[in-house]
1. Output the number of residues of the range 42-91 satisfying the condition of being assigned to a loop (DSSP other than H, G, I, E, B), touching a Lys or Arg at 6+ places or on another chain (Cβ under 7 Å) and surrounded by 16 or more Cβ atoms within 10 Å (Cβ to Cβ).
Amino acid sequence: MARVLSGTAPQMAAQGRVDTSPASAWIEAHYEAFRGKWVAVRLDPPTLVASASTLDQLFDAVPEDELNTCLVQYVYTLEQEQAIPGPWWQP
């Protein structure tokens with residue numbers, strides 16, 4: 001935990017935005033192969049790091065330091081894509 005001395009203002013560092021478009025394009029190009037799975041795709045260069053049926057399995061498969069440089073996304077099944085979204089309280 002950081003410690004702030006009295007009379008000093010906390011310092012904040014600006015964080016740049018990460019460009020996820022190459023990893024998103026990779027997922028879109030390989031969408032059919034990973035339907036119903038969670039995928040972790042490295043941002044630069046965009047390559048598959050791991051895929052799994054559940055998010056917990058994906059987190060277990062990818063080291064935490066490598067996960068920080070990945071785009072994690074769920075790839076919908078055909079049934080999920082065709083479902084009409086409604087209020088969260090409706091089945």
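The values are calculated or read from the model by the stated rules, or taken from the named source; none is laboratory data. Fair warning: this is a prediction, and the values are worked out from it, not measured in the lab. Every residue, glycine among them, receives a Cβ derived from its backbone with ideal geometry; neighbour counts consider all protein chains shown.
1. 1
Condition check ((1) small (G, A, S); (2) touching an Asp or Glu at 6+ places or on another chain (Cβ under 9 Å); (3) at pLDDT 95 or above) across all residues:
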| position | (1), (2), (3) |
| --- | --- |
| S51 | yes, no, yes |
| L67 | no, no, no |
| L71 | no, no, yes |
| Y76 | no, no, no |
| P87 | no, no, no |
